[in-house]
């Protein structure tokens, strides 16, 4: 395939992926908006009014970056894992496997779908947040780059989960038992500086903490961790997971007999 | 002339230890309408899976119009259109999108993809249903959708794995006519089917695979000419109490009004009617007991199993 044909093939996969989640927007785009609104009402307004300022910001403002990023993480992951596993389950992944489209473009197409849904949900949740509190923007470049990199990272993680999944149960195990705890313990609702020293050290092993804090820096200008460390961690994970996902696809793991 | 498909010493051993292919050799000429037949589990779908790169081969070589799948996989894939045995499209996608998306994976721009989708969906009687979700189609329509999808990049080699399974007789005949046109226009077709009448009617060359080995690979006519005898079923006008003596023929009585007679290939059928008339037996109608290819197929595969 020449460059032009590869571009057409990538666009075809991306459009297919975007239409897939857009067609079922009631299942994909609406729930995170409702959930986030509930978080703001309960944690932000009701409980948050009893909590003092955190790092110089009202509690409601402080949790906004984490809530946006949490929605981006879960939706990027869910989009790719469910789309890829469904393609495997219905065998329509074979439509791509019999075509001359290179494996890296198949991977990029699925990642593009996860990124599109992650960003769409991120924008929608930000819109909801604006009903409750103004959102400052400290550094647009940092906020956008962290958002995109995080979405790509969890799209890749969702892809790998989809490759290994052998049943629909397998695509919910990681989100339930790994992703959700790591997200909740990743400083979405609190500053790690509020934790005892031991738990602060434990928290530093949680990669989601770096993303949440880097994104919080982009919006609020405050962070518990170094920005350089955060970028290094995210970029490192993206590169590692991309290489691993491509290796699985090249080997045909789970999709070729 | 470069073969449309060339398999050399192709072997497949699955992870569970089952050997599906024992080093098969096969060649399909460009422009051919080729039948690949075999009982269930013989290795047909494994062979097709390897050629279309859905199954990893264990060893051997596969060339599609000269493109080796080990060194020129993308070029080989671009030559192939696959209609698999199982429905494998996204059932929630509209019919036209199933076809247009597939064109996209081959690098065909969307506008051209729509033009081709309209052409093939119209030819296959599905254009009116283009906005329906694929799950709303009947079984026969789904089979035709997979043919339209396989043709959208205008492949030089079309592989059809049981394309008419579960399709009613009228649609099956229209599909035969369509496939004959596609073949006449220059597309090489490889067909697997359990309807042996279909293979006999459409295909010029044939390979029979059994237990992962090619046990027959020849022209359809040559194969059919090998039949030494065939069985005729005679519907009698008057009832018959016992099996009549018919010199040179082996007869058996099915019931009062039906007689089966095995006729050797070198015997003139008029001799049978002369013998029947001499015994005052009137024949209302006659037909072949089974399709000729079916009879041969059962003998070939049956003999192999007996030997095993």
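Those residues that are modelled with pLDDT under 90 and either over 22 Å from residue B:182 (Cβ atoms) or at the interface with another protein chain (Cβ under 7 Å from one of its Cβ atoms) (or both), I need them from the stretch B:65-89; list them, please.
B:86
Tell me which residues, restricted to the stretch A:8-33, are in contact with a helix residue (DSSP H, G or I) (Cβ under 9 Å, 6 or more places away or on another chain) and within 10 Å of another protein chain (Cβ to nearest Cβ).
Within the stretch A:8-33, A:8, A:9, A:10, A:11, A:12, A:13, A:14, A:15, A:16, A:19, A:20 meet the criteria.
Checking the structure you have, find out if any residue of the stretch A:50-62 is closer than 26 Å to residue A:241 by Cβ and touching a residue at least 24 places away in the same chain (Cβ under 8 Å). Please lay out each step first, then the result.
If we filter the stretch A:50-62 for residues that are closer than 26 Å to residue A:241 by Cβ, which is where we start, we get none.
Within the stretch A:50-62, not a single residue is closer than 26 Å to residue A:241 by Cβ and touching a residue at least 24 places away in the same chain (Cβ under 8 Å).
Each row is one residue, and each column tells you yes or no for (1) touching a strand residue (DSSP E or B) at 6+ places or on another chain (Cβ under 9 Å); (2) farther than 30 Å from residue B:85 by Cα; (3) within 14 Å of chain B (Cβ to nearest Cβ).
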residue: A:62; (1), (2), (3): yes, yes, no
residue: A:85; (1), (2), (3): no, no, yes
residue: A:112; (1), (2), (3): no, yes, yes
residue: A:121; (1), (2), (3): no, yes, no
residue: A:125; (1), (2), (3): no, yes, no
residue: A:152; (1), (2), (3): no, yes, no
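Conditions: (1) within 14 Å of another protein chain (Cβ to nearest Cβ); (2) surrounded by 21 or more Cβ atoms within 10 Å (Cβ to Cβ); (3) within 17 Å of residue B:88 (Cβ to Cβ). Residue B:157 meets all but one. Number of the miss?
Result: residue B:157 fails condition (3) only.
Only residues that are at pLDDT below 80, in a helix (DSSP H, G or I) and closer than 15 Å to residue B:229 by Cα: list them for the stretch B:255-301, please.
B:292, B:293, B:294, B:295, B:296, B:297, B:298, B:299, B:300
Out of B:256, B:241, I need the residue that is within 19 Å of residue B:275 (Cα to Cα) and exposed (fewer than 11 other Cβ atoms within 10 Å of the Cβ). Which one?
On the way: B:256 fails: exposed (fewer than 11 other Cβ atoms within 10 Å of the Cβ).
Checking each option against the conditions leaves just B:241.
Check whether at least one residue in the stretch B:103-122 is more than 10 Å from chain A (Cβ to nearest Cβ), closer than 25 Å to residue B:42 by Cβ and either touching a helix residue (DSSP H, G or I) at 6+ places or on another chain (Cβ under 7 Å) or buried (at least 22 other Cβ atoms within 10 Å of the Cβ) (or both), and report yes or no.
Within the stretch B:103-122, not a single residue is more than 10 Å from chain A (Cβ to nearest Cβ), closer than 25 Å to residue B:42 by Cβ and either touching a helix residue (DSSP H, G or I) at 6+ places or on another chain (Cβ under 7 Å) or buried (at least 22 other Cβ atoms within 10 Å of the Cβ) (or both).
The values are calculated or read from the model by the stated rules, or taken from the named source; none is laboratory data. Fair warning: this is a prediction, and the values are worked out from it, not measured in the lab. Note that we place each Cβ from the backbone using ideal geometry, even for glycine, and neighbour counts take in every protein chain shown.
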